[in-house]
Amino acid sequence: MPLSLFQKIKSAITVPQAAKVYGMEPDRRSMVCCPFHSDNTPSMKLNDTYYYCFGCGATGDVIDLTAKLFSLNPRQAAEKLVHDFGLDPDKPPANAIALPLPKRGLTDEQRADVAYCLRVLTDYLYLLHDWRERYKPTSPEEPQDERFVEALHMTDLIEHLTDHIAYGTPQQKADAAARLLSGSFLLMLEERTSRFATAKCA
Ligand SMILES: [Zn+2]
């Protein structure tokens, strides 16, 4: 199956590479001051495939980062990345990549699995962070909103799973992703996130 333009960009440009080109200066732990909230100490972690701000919960992949930094829609952000990194969207990634790639030992499928798991987990985590603030009880008498309770119960687990997929050797990440994908948990999370994301827009 040919890769979509978005997939090509994501496999060619890491989040830290784009962040540096767009003026961020990651420290040795790949942390930067978050450009999306007033941040004096670095709260945003740049992983190869996604960023996550521990201060405001901002998260996404390299295309989301570019879109948000320059107020573009995803398609425009993709075009900007193609232009700024000299990618040729009509050639297969191997010929198109003008930048040194991070070392990888995984198959395309494994990398796609890892990226998919991360995307689902971080989307859900973003929702949990939102619920934790939005639905927190304002008085002790008030019955607790079930979304607030879910956020309390699930945040640690999801952060733990995200760490397993986000850190470690490529093989460890791929193994963690394969374990997650062998059950229905991730599908349940994805279904849940998309249901609430749609509900919010309605
Ligand atoms: Zn932030």
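A few notes on this one:
- In a reduced charge model with +1 at each Lys and Arg Cβ and -1 at each Asp and Glu Cβ, region 5-96 shows a dipole moment near 100 debye about its Cα centre.
- Helix 185-201 vs. the chain, principal-axis angle (Cα, 0 to 90°, nearest 10): 80
- The count of lysine pairs in region 5-96 with alpha-carbon distances below 15 Å, taking only pairs 8 or more places apart or on different chains, stands at 7.
- The residues neighbouring Glu150, those whose beta-carbon lies less than 10 Å from its own, together hold a net charge of +1 under the Lys/Arg +1, Asp/Glu -1 convention.
- Each of Met31, Met188, Met24 has some number of other Cβ atoms within 10 Å of its Cβ, and from fewest to most they run Met188, Met31, Met24.
- Listed residues Tyr51, Met188, Leu121: farthest to the positive end of the dipole of the chain (Cβ charges): Tyr51
- 4 °C / 1.567 mPa s Stokes-Einstein diffusion coefficient of region 5-96, Kirkwood radius on C-alpha pairs, µm²/s: 97
- Using R0 = 22 Å, the C-beta based FRET efficiency linking Arg134 and Ser38 works out to 0.60.
- Rg/Rg_globular for the chain, with Rg_globular taken as 2.2 N^0.38 Å and Rg from C-alpha atoms: 1.08
- Panel values: region 108-201, Kirkwood radius from alpha carbon pairs, Stokes-Einstein at 10 °C and 1.306 mPa s, translational diffusion coefficient 112 µm²/s.
- Of interest is the spacing of the C-alpha centroids, which for region 1-45 and region 168-199 amounts to 22 Å.
- Point-charge dipole on Cβ atoms (K/R +1, D/E -1) for the chain, about Cα centre, debye to 20: 520
- Inter-site label distance for Leu72 and Glu25 at 7 Å from Cα along Cβ, in nm: 2.5
- Taking packing as the residue-averaged number of other Cβ atoms within 10 angstrom, the listed peptides 108-115, 145-152, 121-128 run from highest to lowest as 121-128, 108-115, 145-152.
Taken together, the values in this text are just the output of simple stated rules run on the coordinates, not laboratory data. What you see is a predicted model; the values in this text were computed from it and never measured. Methodologically, a virtual Cβ is constructed for each residue, glycine included, from the backbone with ideal geometry; neighbour enumeration extends over all protein chains shown.
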